[in-house]
Amino acid sequence: MAKGSNCSLDGGSFPLSSEFFQVIKNELWIFLIPVLVALIQLALFLEEMGFFLRNIRSTRRTCLYLWILGVYPVFCISSIIGLYIPRSSAICNFVASIYHSITLWKFLDLITDFFGGKARMLEELEGQMVSPNPAPCCCCCCFPNIVVNRTSIRWMNIAVYQLSVVRTLLFFVGLILWADDKYDYGDVDYTNPNSYINIIIGLSTFLSFYGYLLFYKATKKALEGYSPRSKFICITLVLVLCGLQNGILETMGALGAIPCVPPFTVETRSQTIYNYSLALEMFFISLFARYCFRRVEPSAEREAAAARGTRDKSCQTAVPARYSLSEDEAIFINSSYVMENDETLCHIEHAPLDKYDFLQPQEDRAAGHAALAPRGVKNIGVELASIGSAPGKGALQVQAQINYINEATVV
């Protein structure tokens, strides 16, 4: 498509940084706003890093949080570099896309970590049904419901991950063609590879977005305590803005929607609008992501350990119902022996044995004890059978001797 020659600089479509600053020197304060925003964003990211290092014990989860929250300052800084050095826009977009591709992997790893691992996630989600037409992808209403299992989860992950490979390869091919002067930025002619690259990136972005929606619908009920909706919104916003916004602005410039005002070309103006708006967008999305991610989430391993600890706690003096006291007597007797906020795996509650209805000893054994006991001492030997189980291997034998000396009880 032909471009107007009255708004072109000597040396090509994109100006040098010196030429760019020469033009904007009277309005420099407008272009300093993204720099101020980037500095604030970096300070907030450092504060978030300190928060996670102090409060998150899991090193793996801390790294996942920092990888995800780092995508916003990375895009902001790369946009500022592309704004001030217009000819570096393609390289900056390539670097930012690589980082964003890694973030897509890290976010799904974070969701899996919330479950306590992939095996536990498959165990909890096994057999659930997911509608194939989540909003706004209502065009898939003719498809049958998706059964959540190992295979469907794998296909959801592939739908998300394919954008990482496709976009990175296409950006790399675009850089090679641009270096060989075969890539014309902003041209939508059918003979220019730029058109096909934008179309493929748009389709890949939509497929990745659809995979994220299915994954979210499959996991949202099991992760209600983790606020999954807000976290998915933070990731999908970056996905859509970075995957579609640049191509839309290129097409608008080629169709004449962006005016040609000297001394910059339409391509330079559309790229400037993209970098400037992306820097501000990343700042506001980072504030929302800070609200969603900067918190101490419950750990699946910690919850499982707490449940096991509660289940393993028991009282060693527990006996069958025939030896138990009434509730009021138990509270009165054991009130001084039970510690509040006891965190041990097992505790012992003590109670006087004369409160229990012990089994009667055999007559001959009682007679023998009485004969051996000193004068004034009443000796009673007591032997309990197995407590809580039938006699045999592993049964607990309890034997006690009670001496009554002058109305005093000695055990």
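The values are calculated or read from the model by the stated rules, or taken from the named source; none is laboratory data. Predicted model only: the values in this text are computed from it and were never measured. Here Cβ is always computed from backbone atoms with ideal geometry, including for glycine, and neighbour counts include all displayed protein chains. Heads up: the accessible areas ignore ligands, DNA and RNA and are worked out on the full protein's heavy atoms, side chains in. Shrake-Rupley method; radii C 1.70, N 1.55, O 1.52, S 1.80 Å.
Here each label is just a point 7 Å from Cα along the line to Cβ, and for Leu177 and Ala119 those points are 4.8 nm apart. Computed on protein heavy atoms with a 1.4 Å probe, the accessible areas place Cys92, Cys63 in the order Cys63, Cys92, largest first. Summarising the amide proton neighbourhood of Tyr183: residues at separation of 5 or more, or on other chains, whose placed amide H is nearer than 5 Å comprise Trp178.
From the backbone phi of segment 114-125, what are the Karplus-calculated ³J(HN,Hα) couplings (6.51 cos²θ - 1.76 cosθ + 1.60, θ = phi - 60°) in whole Hz, Gly and Pro given as x? Result, ordered by residue: 4, 6, x, x, 5, 5, 5, 5, 5, 5, 6, 8 Hz. Rounded to the nearest 20, the size of the Cβ-charge dipole of segment 60-169 about its Cα centre is 280 debye, with Lys and Arg at +1 and Asp and Glu at -1.
Label segment 45-167 by shape, choosing from rounded, prolate and oblate, from the square roots a ≥ b ≥ c of the eigenvalues of the Cα gyration tensor; if a/c is under 1.5 it is rounded, and otherwise prolate applies when a/b is larger than b/c, oblate when it is not. Note, shape of segment 45-167 comes out oblate. For the set Ile197, Ile85, solvent exposure ranked by accessible area (probe 1.4 Å, protein chains only) runs largest to smallest as Ile85, Ile197. Residue ranking by accessible heavy-atom surface, 1.4 Å probe, largest first, among Met252, Met129, Met156 comes out as Met129, Met252, Met156. Seen from Ser78, the other residues with C-beta closer than 15 Å to its C-beta sum to a net charge of +1, counting Lys and Arg as +1 and Asp and Glu as -1.
In the context of the full protein assembly, Phe293 retains an accessible surface of approximately 0 Å², using a probe radius of 1.4 Å and ignoring ligands and nucleic acids.
Mind checking the full-extension length gain between Val35 and Leu237? Use 0.36 nm per residue of separation minus the Cα-Cα distance, one decimal, nm.
On the way: separation 202, 0.36 × 202 = 72.72 nm, distance 2.18 nm.
Here the answer is 70.5 nm.
Surface calculation, 1.4 Å probe, protein heavy atoms: Leu122 sits at approximately 10 Å² accessible. Met49 contributes about 60 Å² of solvent-accessible surface, heavy atoms of the protein only, 1.4 Å probe.
Surface composition of segment 50-184: carbon plus sulfur atoms hold 65% of the accessible area, using a 1.4 angstrom probe and ignoring ligands, DNA and RNA. Close amide-amide hydrogen proximity is noted between Leu223 and no other residue 5 or more places distant or on a separate chain, at a cut-off under 5 Å (H modeled in the peptide plane; Pro and chain starts excluded).
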